[in-house]
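The block underneath contains the structure these notes are about, expressed in C-alpha cells.
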Amino acid sequence: RVDEGIIENPLALGDNILKEPNSDAVPKWKPESGKNPAEPGLYVEGDILFPSRDMARSSLKHPSLRWPEGIVPYELSPTFNDKDRAMINNLIEYFHKLTCVRWVPRTDDDDDFVSIENNRTGCWSFVGRIGGRQRLNLHSPGCLKNRGASVHEMMHALGFLHEQNRWDRDQYLTVHYENVKPGNEA
C-alpha cells in the first residue's frame, strides 16, 4: 500500500528526491535493447525531478505550479533532428486536440517556459511550473520511439504525478502476483 504521507509530502522520501539530471542514467541504453529509457531508476519514481526542498514539499498543492490559463511556452533544443521535431510537433497537436492545454513557442516575454532537451540523461521532467527555464528531457531516439513516453513527461511538466502511486490506489486495483515475474514482486 502506498503511504498517503509520501504523496502529500514527497520529502518523506528523504533528500534523495532532490536530484539533478545524470548522464550515468542511460550509459548503456541502446534502441535495440527493448528497455525503456524512461526508467533508469536514478530519479524519483523513475523520471521525476524536484528542483528544491520547498517545491518538493508543496508539489501537489501549490497554485504557483500551475501554468496560467493552461498555456505552456516551450522551446526545442537545436540538437533534435527534423524527424524528432516533427514527432514533438505531433505531440503538441495531440495535446491541442484532446485538452485545453496549449503549448506555444516561447517568446522573449516568457520568463517561465519548458525547455525540451535531448540530453543523454533519460526521459524525465520536473513536476508542474517551477519558474524560469524548466528542463524536460526527451532523449532521442528512445523517448521519442512512441507517443507514450513523451506525453508522459509532458504531463509531469503540467503538474501530474503517477496515478499508480496515488494514496488511494489500492482501493481500485488488484495485483495478480501469479502473473508477476519472480524477483519483480516489490
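The values are calculated or read from the model by the stated rules, or taken from the named source; none is laboratory data. Remember, predicted model here, so these are calculated numbers, not experimental data. Note that we place each Cβ from the backbone using ideal geometry, even for glycine, and neighbour counts take in every protein chain shown.
Taking every residue in segment 106-135 that is part of a strand (DSSP E or B) and pairing it with any residue that is buried (at least 16 other Cβ atoms within 10 Å of the Cβ) and among the β-branched types (Val, Ile, Thr), at least 6 positions away or on another chain, the pairs with Cβ-Cβ distances below 8 Å are 113/72; 114/72; 116/88; 124/48; 125/48; 126/48; 134/114; 135/114. Checking each residue in segment 83-123 for being under 19 Å from residue 65 (Cβ atoms), of a type in the set (S, T, N, Q) and out of contact with any Lys or Arg (no Cβ under 7 Å at 6 or more places or on another chain) picks out only 99. Checking each residue in segment 89-105 for being touching a strand residue (DSSP E or B) at 6+ places or on another chain (Cβ under 8 Å) and either of a type outside the set (Phe, Trp, Tyr) or in a loop (DSSP other than H, G, I, E, B) (or both) picks out 92, 96, 101, 102, 104, 105.
Just to be sure before I move on: is residue 167 modelled with pLDDT under 90, farther than 30 Å from residue 32 by Cβ, over 14 Å from the mean Cα position of the chain (by Cα) and surrounded by 12 or more Cβ atoms within 10 Å (Cβ to Cβ) in the structure I sent? Answer is yes for this residue. Could you look through segment 149-164, keep only residues that are small (Gly, Ala, Ser) and in a helix (DSSP H, G or I), and pick out the one that is nearest to residue 71 (Cα to Cα)? Here the residue is 157.
One residue is enough: does segment 140-148 have a residue meeting the conditions surrounded by 11 or more Cβ atoms within 10 Å (Cβ to Cβ), under 18 Å from residue 70 (Cβ atoms) and at pLDDT below 90? The answer is no; no qualifying residue exists.
Each row is one residue, and each column tells you yes or no for (1) buried (at least 20 other Cβ atoms within 10 Å of the Cβ); (2) in contact with a Cys (Cβ under 8 Å, 6 or more places away or on another chain); (3) acidic (Asp, Glu); (4) under 26 Å from residue 32 (Cβ atoms).
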| residue | (1), (2), (3), (4) |
| --- | --- |
| 66 | no, no, no, no |
| 101 | no, no, no, no |
| 116 | yes, no, no, yes |
| 152 | no, yes, no, yes |
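The residues on offer are 149, 157, and the sole one that is of a type in the set (Gly, Ala, Ser), out of contact with any Pro (no Cβ under 9 Å at 6 or more places or on another chain) and touching a residue at least 24 places away in the same chain (Cβ under 8 Å) is 157.
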